[in-house]
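Please treat every number below as a calculation from the coordinates, not as lab data. All figures in this text were calculated on a predicted structure; none of them were measured in a lab. Neighbour counts run over all protein chains shown; Cβ positions are idealised from the backbone, glycine included.
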Amino acid sequence: MSMYKTVVLAIACSPLLCACISTTTGRAAPEADSGDAASLNYQLGARYYQAGNYELARDRLLLSIKLDPRDPITHSTLALTYEALDNLRLARASYEEALRVGPRNFDVQNTYAVFLCRQRDFAAAEAEFNKAANHPENDNAEVTLTNAGVCMVQKPDNDAAERFFRQALERRANYPEALLQLCLLKFGQQDYLASRAFLQRFIGTGNRSASVLYLGAQIEQQLGDERAKKDYEDQLLRNFPTSPEARKVLEAG
């Protein structure tokens, strides 16, 4: 395994390319008793999904859709549930129905884009990410754009990935995940000065985990700065003495 892959696997705070499921928001307020029942069943289904009880989640979400078939978030959550149950055909069908009833819902677009990326349908995923990121009501477009960048890394298309990460930083200058992903991208490209700069900005946002300090030491090793490397290692051993990264430092002598 290359050093870059080792670093990527070690970083625990990178984007997960996953969708958020809300148990309280995202749905319109119910207008009648059937709406109340649909909302209740959605909330139960979402909680079952979060708890990993996917069959129960599916049943509740299907009942919610029967009562209120025009809620895109319920269809999208059902799609995630089908994906967890390894039924990709029904997952895709549920995403398509979610987009049919909510064609301008950027949460659904983002979630569908993540699904498409996992299916390695990168062109379609990129199109959905762009729709979601450019939605005028998407106040967290930096998250969508960073997810798009992670997707392009998996393609791989590093130029597109960097473009998305930089667009995320245009939306929010110190968004930690975009900074970290650019650090990793530049590390993989052996542009260690740029990797160092992005890591310093990332640490400046208050993120200083064992894996991040270990990454900093590896960057400084590549740059030949033994003093900076030792400083990262000292911080790692002092603050995270029982971490796997600390053991690696001790084993390396």
Put +1 on the Cβ of every Lys and Arg and -1 on every Asp and Glu Cβ in the chain; which of Phe202, Ile219, Phe129 then has its Cα farthest towards the positive end of the dipole? Ile219
Taking the chain as a Gaussian network, Cα atoms linked when under 10 Å apart, which of Ala217, Ala132, Ala113 shows the biggest mean-square fluctuation? Ala217
Lys pairs in the chain, Cα-Cα under 22 Å, at least 8 apart or on separate chains: how many? 10
Charge dipole (debye, nearest 20) of the chain; +1 at Cβ of Lys and Arg, -1 at Cβ of Asp and Glu: 360
Tell me, what is the percent relative contact order of the chain, built from C-alpha pairs under 8 Å that lie six or more residues apart? 12
Might you report the magnitude of the Cβ-based charge dipole of the range 213-253 about its Cα centre, with Lys and Arg at +1 and Asp and Glu at -1, to the nearest 20 debye? 100
For the range 122-174, which GluC sites (Glu not before Pro) are both in a DSSP coil and crowded by at most 12 other Cβ atoms within 10 Å? Glu137
Please give the per residue volume of the convex hull enclosing the alpha carbon atoms of the chain, rounded to a whole number of Å³. 140
Between Gln235 and Arg118, the FRET efficiency computed from the C-beta separation at R0 = 51 Å comes out, to the nearest 0.05, as 0.90
How much net charge surrounds Leu145 when only other residues with a Cβ under 14 Å from its Cβ are counted (Lys, Arg +1; Asp, Glu -1)? -2
Sites excluded, trypsin sites (Lys or Arg not before Pro) in DSSP loops with at most 13 other C-beta within 10 Å, longest stretch of the chain: 121-253
